[in-house]
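Notes to accompany the following structure.
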Amino acid sequence: MADAPGPGTTKPALEGLLGADGYVRLRRALIARAGRWAAASGDPYVAYAPAGAREEIAALAPAGATLFAQVDGHRGERLAAAFARVCEQHGGPVVMVGTGHPTLAERHAWGARDDLREGVDVTLGPATAGGYYLLGARRYHPALFAIDAAAWGGPDVMTLTLRAVFDAGLSVGWLRSERELDTPGDVAALLADPCTPAEIREALGR
């Protein structure tokens, strides 16, 4: 799931820290990195927004990626529609990530793959802020994204998602918790981590 990296978009705290140009540079690096991770892990699909951003996102996507526009609607509706579309075309299982987790690595792909191969219905990568950075499932199920529209983007996304999938009788796998890149504090923690990818350090101007 990739939103075009224009200024004045989804993370005002980061834009305030990095400036408009620095923020766009970082967003581009994050989209490209997530795309490379997806390509190394399977058949990459990129659901982009807004609808007119195809060329901009295509320039950052890996070779051979299938691109399509996200539907209109709140976050849950867009996630559900994208997941269902890829399941219909690919057959599943499907692993979905955003672009806010700069340290996505092979271990995350292996963990998700192992869970799904062992028969777990849903595997989740929890983010420290209360959401998730990865959701994988063997097939599409409405419960995957069945939380209140107002809750998306808030601190209770993971809790509500778990409640929905457990209520639907689905089994759940659990990856390690990771910190997403949302605030200046996250930037400081990222720069202090020796495992931070070089291209993300460069995008941050460090």
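Points worth noting:
- The distance linking segment 3-46 with segment 78-124 is 19 Å (Cα centroid to Cα centroid, whole angstrom).
- The chain, helix-only ellipticity at 222 nm - DSSP H runs n ≥ 4, -39,500 (n - 2.57), divided by all residues, nearest 500: -13500 deg cm²/dmol
- Accessible surface of segment 1-84, 1.4 Å probe, proportion on carbon and sulfur as whole %: 53 percent
- In sequence order, calculated HN-Hα J values of segment 116-131 (Karplus, 6.51, -1.76, 1.60; Hz; x Gly/Pro): 5, 5, 7, x, 5, 6, 9, 10, 10, x, x, 9, 5, 7, x, x
- By definition, a body whose alpha carbon gyration tensor gives a ≥ b ≥ c is rounded when a/c is under 1.5, and segment 34-133 falls into this rounded group.
- Per residue value of the accessible surface for the chain (all protein chains in place, 1.4 Å probe), Å²: 48 Å²
- Correct option for Cα extents along the principal axes in Å [calculated from the coordinates] among (1) 47, 39, 26; (2) 52, 38, 36; (3) 46, 33, 33: (3)
The values are calculated or read from the model by the stated rules, or taken from the named source; none is laboratory data. Source: prediction; values computed, not measured. Side chains included, ligands, DNA and RNA excluded: accessible areas come from the protein's heavy atoms. Shrake-Rupley method; radii C 1.70, N 1.55, O 1.52, S 1.80 Å.
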